[in-house]
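The values are calculated or read from the model by the stated rules, or taken from the named source; none is laboratory data. Fair warning: this is a prediction, and the values are worked out from it, not measured in the lab. With ideal geometry, Cβ positions are generated from the backbone for all residues, glycine too; neighbour counts draw on all protein chains shown.
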Amino acid sequence: MTWSITVGRIAGSEIRIHLTFLILLAWIGIAQYLQGGAAAALDSVLFVIAIFACVVLHELGHAIAARRYGITTPDITLLPIGGLARLSRIPENPTEEIVIAIAGPAVNVVIAVVLIVILGARFDPAALAEIQDTGPGFLARLAAVNIFLVVFNLIPAFPMDGGRVLRALLAYRLGRRRATEIAALIGQGLAFVFGFLGLMAGNPILVFIAIFVFLAATAEAGDVGMRETARRVAVDRAMITTYESLGTQATVDEATDALIRTTQREFPVVDGGGRLRGFLGRDAMIKALKASGPGTPVIDVMTHNIPTVRRGEPLVRVLQLMQENQASEVGVIDENDRLIGYVSRENLAEFMMIGDAGQAAEGPWQPRRA
């Protein structure tokens, strides 16, 4: 994710902090300093840091559970709205999804129990009510936050863990696509409730959460629908086959000429045998032109290690490779490893929009195979 700073690595995952999180810390510190002085500012900043440490542990719970099923977590990013663990692939088996989803809140349960034991509280409603009061000290407030994180994350709405558990439970009987549609509708309904309550109470945070939940539920339903469509069609049907490529000896000057005379935004770089060596995008091209001039070899500034698929493979494989490698393009090669086309994020989105339009107009859409 852009605008993120890597601060370390835990259990094989890079821990990143988004710059907006640092802005949030600064804003909280300044606001508390103006209200209560240096001591209040320090307490508030340390408390926010402690909360997000618990969020990191929550995301690591997901990552460790995912590793059990061969799913890696390249990075975890801290945002003002929480943590984001990027899995190398989305678990589609219902049991796997339940285990991975539950692992995060389970970590917060453990943290809360440990803090309650340290504070000497017992597991009864009266004790929990005392813990939830912000009057007690630092650890009591942190225990209350972890209890809140468990409850909030188990709300049956995307993108919370409870939404994924609900989808997985429904998928046992209804299939993943239908289960996602139902879970997304429930999430959107809850979003409207949150939004209404937020407007009535004058609570902008609740309104923001409502918008976030609604958009996430919509995006999840769209993503699953796209994957279902991509399973039914070969990559040949969606790939770009009319394009201009650059040779490995080409310069940025030649690349900019190609940029002007074509409608392409990215250019495959191929060797003399027609094998893909990389991609040079418009932004990288302009950046190189400014930094090192038009004579710069494209092989010095192109993106290397582009994932590829064979002709005839299902389009869903392209989606998987884009997610696993954070790739903007995937090359399509023949049996001799020669490049015969490629799929970009933009043309993939266009292909799916055409599919959605065709389905709406004529019923279930069956893509024409190459």
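Tabulated data for the structure shown
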read-out: Which numbered condition Gln249 fails, given (1) out of contact with any helix residue (DSSP H, G or I) (no Cβ under 8 Å at 6 or more places or on another chain); (2) assigned to a helix (DSSP H, G or I); (3) more than 17 Å from Val332 (Cα to Cα); value: (2)
read-out: Given (1) β-branched (Val, Ile, Thr); (2) outside the structural domain of Leu321 (by TED's automatic domain parsing); (3) modelled with pLDDT of 90 or more, index of the condition Thr218 fails; value: (3)
read-out: Out of Ala41, Ala65, sole residue that is assigned by TED's automatic domain parsing to the domain that holds Ala144, out of contact with any Leu (no Cβ under 9 Å at 6 or more places or on another chain) and buried (at least 17 other Cβ atoms within 10 Å of the Cβ); value: Ala65
read-out: Residue list for the range 157-175, filter: closer than 15 Å to Ala217 by Cβ and part of a helix (DSSP H, G or I); value: Asp161, Gly162, Gly163, Arg164, Val165, Leu166, Arg167, Leu170
read-out: Arg261 surrounded by fewer than 14 Cβ atoms within 10 Å (Cβ to Cβ), more than 24 Å from the chain's Cα centre (by Cα) and not β-branched (Val, Ile, Thr); value: yes
read-out: Cβ-Cβ under 8 Å pairs, at least 6 apart or on other chains, the range 324-337 side modelled with pLDDT of 90 or more and surrounded by 19 or more Cβ atoms within 10 Å (Cβ to Cβ), far side in a loop (DSSP other than H, G, I, E, B) and of a type in the set (Lys, Arg); value: Val332/Arg311
read-out: The one condition in (1) farther than 30 Å from Thr263 by Cα; (2) surrounded by fewer than 20 Cβ atoms within 10 Å (Cβ to Cβ); (3) aromatic (Phe, Trp, Tyr) that Phe214 fails to fulfil; value: (2)
read-out: Single match in Ala101, Ala85 (criterion: under 16 Å from Leu154 (Cα atoms) and within 15 Å of the chain's Cα centre (by Cα)); value: Ala101
read-out: All positions within the range 42-75 that are assigned to a helix (DSSP H, G or I) and either farther than 18 Å from Leu142 by Cβ or not hydrophobic (A, V, I, L, M, F, W, C) (or both); value: Asp43, Ser44, His58, Glu59, Gly61, His62, Ala63, Ile64, Ala65, Ala66, Arg67
